[in-house]
Amino acid sequence: MDSAPSSTSVAVVGLGAIGTRLVVELACAGTSDVFACARRKFAALELVGVETPLECTPRIEVDSAHVRRVDWVLLCTKAQHVESARDWLRALRRDDTPVAVLQNGVEHRERLAGMVRGEFVVPVVVDAPTERVRDGSVRARGPARLSVSRDALGQRFAELFRGSNVLVEQVDDVRALAWAKLVHNCAGAARALEARSTLAAVLGRRELAARLAAEAVEVATALGVVLPAGAGASATAAALALEPDRRTSLESDLALGRPTEIDARNGAVARLGAQLGVDVRWNALALQQLR
Ligand SMILES: NC(=O)c1ccc[n+]([C@@H]2O[C@H](COP(=O)([O-])OP(=O)(O)OC[C@H]3O[C@@H](n4cnc5c(N)ncnc54)[C@H](OP(=O)(O)O)[C@@H]3O)[C@@H](O)[C@H]2O)c1
């Protein structure tokens, strides 16, 4: 298989579930000079849960003063940690270095406002179920598919992953795809919300998930986003099908007392809905209860 040109330098910021998986894939595919920017060093990285487990020992930097400029930055922190990555972005980028933002939500460009000009931000919709086993070790729970816009930067992003097991697809409307995922994520908050709000518990998980999803669909529609038919119903069904003994990433962060991604998920719907005059009371409640 072809690999990306050997001169391409790639920095992956954030070595959690997604960042580790992508560094391992890029390093093993032979993409040149991939290194990671993390908050601490690990001895080695591994990806398990795939047919052929992969491991590598890439360079891991923990201080932005020690990095040089690269051709691509892949931002793999959670949405709430983008601000803390400011020094990395400043040190790693020339003015026109693209930043692929591999995060949930629909505000990829807005999150980087003041750090990266919008034209150099590449929103990526991530469909790559992955869990962290421990620092440096992640388990795939399904194939990795990344969706980007069908444009020149999307094409260059896709080329980075040539020769790897990561499928990159270029789509006509990445914004609509991001919104469809957001509808799912909003409904997925029902279980956590039910456990933290008497008002939500009275409604019951099915109705709660349906209302969270319906509000998100209404906001998307008000913004002119065309979602697949039945987007709300399929998000509700997925929220009800969550495995009882496995926490979502939102639930894990809540259990560990960490800041959650709620502001980028139900919070985005609550914010945009309020601006547009859409009734978003259940997403606003989720934002209030699940920060
Ligand atoms: N995991 C999945 O299956 C999955 C699937 C689809 C979409 N997503 C989305 O992908 C994004 C990333 O998720 P994830 O599961 O990979 O999250 P994660 O496991 O929490 O990884 C994020 C990593 O970023 C690191 N980080 C935070 N601030 C940093 C900084 N300033 N400098 C360097 N590193 C920093 C964190 O460090 P610490 O280890 O010190 O906290 C953590 O290792 C999220 O938007 C998520 O919703 C995830």
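Taken as a whole, the structure leaves V125 outside the set of residues that are more than 11 Å from the ligand (Cβ to nearest atom), more than 23 Å from I60 (Cβ to Cβ) and of a type in the set (A, V, I, L, M, F, W, C). Each residue in segment 227-240 was checked for being surrounded by fewer than 17 Cβ atoms within 10 Å (Cβ to Cβ) and within 16 Å of the ligand (Cβ to nearest atom), and 1 pass. If the condition is being in contact (Cβ under 8 Å) with a residue 24 or more places away in the chain, away from the ligand (no atom under 16 Å from the Cβ) and surrounded by 20 or more Cβ atoms within 10 Å (Cβ to Cβ), then segment 248-277 contributes only G273. Can you name every residue in segment 157-189 that is under 19 Å from A220 (Cα atoms), touching a Gly at 6+ places or on another chain (Cβ under 9 Å) and among the aliphatic types (A, V, I, L, M)? If the condition is that a residue be under 19 Å from A220 (Cα atoms), touching a Gly at 6+ places or on another chain (Cβ under 9 Å) and among the aliphatic types (A, V, I, L, M), then V171, V174, A178, L182, V183, A187 are the ones that fit.
How do the pairs read when you match residues in segment 34-49 that are on the phi > 0 side of the Ramachandran plot with residues anywhere that are buried (at least 19 other Cβ atoms within 10 Å of the Cβ), using Cβ under 6 Å and keeping only pairs 6 or more apart or on different chains? Final answer for the pair search is G49/A140.
Every residue, every condition in (1) in contact with a strand residue (DSSP E or B) (Cβ under 6 Å, 6 or more places away or on another chain); (2) more than 9 Å from the ligand (Cβ to nearest atom); (3) in a loop (DSSP other than H, G, I, E, B); (4) in contact (Cβ under 8 Å) with a residue 12 or more places away in the chain, yes or no:
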residue: R132; (1), (2), (3), (4): yes, no, no, yes
residue: P143; (1), (2), (3), (4): no, yes, yes, yes
residue: L146; (1), (2), (3), (4): yes, yes, no, yes
residue: L153; (1), (2), (3), (4): yes, yes, no, yes
residue: E159; (1), (2), (3), (4): no, yes, no, yes
residue: G163; (1), (2), (3), (4): no, yes, yes, yes
residue: V168; (1), (2), (3), (4): yes, yes, no, yes
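Restricting to segment 245-280, name every residue that is assigned to a loop (DSSP other than H, G, I, E, B) and under 28 Å from H81 (Cα atoms). D245, R246, R247, T248, L256, G257, R258, P259, T260, E261, R265, V280, listed by residue number.
Among the residues making up segment 17-41, those that are within 13 Å of the ligand (Cβ to nearest atom) and over 18 Å from the mean Cα position of the chain (by Cα) are F35, R39, R40, K41. Of everything listed in (1) at positive phi; (2) surrounded by 21 or more Cβ atoms within 10 Å (Cβ to Cβ), the single unmet condition for L102 is (1).
Scoring V50 on the criteria (1) more than 8 Å from the ligand (Cβ to nearest atom); (2) aliphatic (A, V, I, L, M); (3) touching a helix residue (DSSP H, G or I) at 6+ places or on another chain (Cβ under 6 Å) leaves a single failure, condition (3).
Residues satisfying the criterion are present in segment 59-72 (criterion: at pLDDT 95 or above, farther than 26 Å from E119 by Cα and either in contact with a His (Cβ under 6 Å, 6 or more places away or on another chain) or of a type in the set (V, I, T) (or both)).
For segment 93-122, the set of residues classified as in contact (Cβ under 8 Å) with a residue 40 or more places away in the chain and within 11 Å of the ligand (Cβ to nearest atom) consists of L102, Q103, N104, G105, H108, R111, listed by residue number. Among strands (runs of 3 or more DSSP E) entirely within segment 9-122, having at least 3 residues that are under 25 Å from E261 (Cα atoms), out of contact with any Ser or Thr (no Cβ under 9 Å at 6 or more places or on another chain) and not assigned by TED's automatic domain parsing to the domain that holds H184 singles out 99-102.
The values are calculated or read from the model by the stated rules, or taken from the named source; none is laboratory data. Computed from a prediction, not measured in an experiment: that's the story for all the values here. With ideal geometry, Cβ positions are generated from the backbone for all residues, glycine too; neighbour counts draw on all protein chains shown.
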